[in-house]
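Taken together, the values in this text are just the output of simple stated rules run on the coordinates, not laboratory data. Since this is a predicted model, take the numbers as computed values, not measurements. Because the Cβ atoms are built from the backbone with ideal geometry, glycine has one as well, and the counts that use them run over all protein chains shown.
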């Protein structure tokens with residue numbers, strides 16, 4: 001009853017953006033994972049140098065499975081690195097490790113956007129799940145009756161679901177800033193040549209596209225839901 005060709009178009013656009021971003025980051029990472037850095041330093045070596053010089057010795061390092069699964073946990077103060085990032089002396093490994101330590105620097109300095117993202121993640125997760133339920137319930141009630149109660153419930157659902165889009169937007173400055181810190185650290189301590197610095201930038205820029213794609217997809221979905229309810233009204 002509520003299917004619209006517009007929804008299919010929105011989903012296809014979102015899927016296309018996401019797939020392109022994933023292909024870009026994987027192909028770029030694969031390319032520079034095969035480029036050995038001039039200092040022959042593994043990701044773990046890079047991590048130790050940067051942590052010592054930046055006063056991040058309190059951060060623990062753990063190895064996890066998978067590729068491109070690296071992340072920093074601000075609650076536990078743990079940087080989790082994939083096997084390739086730990087063991088490979090590649091330009092890609094340097095970029096990934098430095099990026100995660102960029103998050104560690106944000107955490108230590110109380111970077112506002114990181115604090116905001118950490119503070120809303122739980123609320124966003126609950127709101128997104130509950131919002132989807134309320135949206136469907138509101139649409140069904142609106143179809144069964146002529147009153148405005150169903151539409152009001154649907155709007156509440158959309159409002160709760162908008163947290164996902166907000167979270168995606170908040171994530172952008174967090175990731176961009178971490179990448180900028182990563183490049184600055186690697187250059188400040190002479191760990192990369194000019195050519196390697198360009199490779200690091202390429203890896204980090206490609207990774208940033210995944211967050212841009214996520215934000216664009218979330219916004220497209222919200223615009224669709226808003227247009228749907230506006231037409232119902």
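Return the whole-Å distance between the Cα centroid of segment 60-134 and the Cα centroid of segment 181-217. Taking the Cα centre of each part, segment 60-134 and segment 181-217 sit 15 Å apart. Beta bridges assigned by DSSP with both partners in the chain are antiparallel in approximately 45 percent of cases. How would segment 38-123 be classified by its alpha-carbon gyration tensor: rounded, prolate or oblate, with rounded meaning a/c under 1.5 and the a/b versus b/c comparison settling the rest? Judged from the Cα gyration tensor, segment 38-123 comes out prolate (a/c at least 1.5, a/b above b/c). Taking the average, over residues, of other Cβ atoms within 10 Å as the packing measure, peptides 185-191, 156-162, 10-16 rank 156-162, 185-191, 10-16 from highest down. The candidate values are [x] 120; [y] 151; [z] 185; the one derived from this structure for volume of the Cα convex hull per residue in Å³ carries the label [x]. Using the rule -39500 (n - 2.57) for each DSSP H run of four or more residues, divided by the residues of the chain, the 222 nm mean residue ellipticity is -27000 deg cm²/dmol. The value of relative contact order for the chain, using C-alpha pairs under 8 Å at least six residues apart, is 26 percent. Here's the picture: a label point sits 7 Å out from the Cα of residue 129 along the beta-carbon direction, and within segment 147-172 nothing has its amide nitrogen under 11 Å of it.
Which order do peptides 112-121, 133-142, 51-60 fall in by mean Cβ count within 10 Å, highest first?
Averaged packing, sorted descending, gives the order 133-142, 112-121, 51-60.
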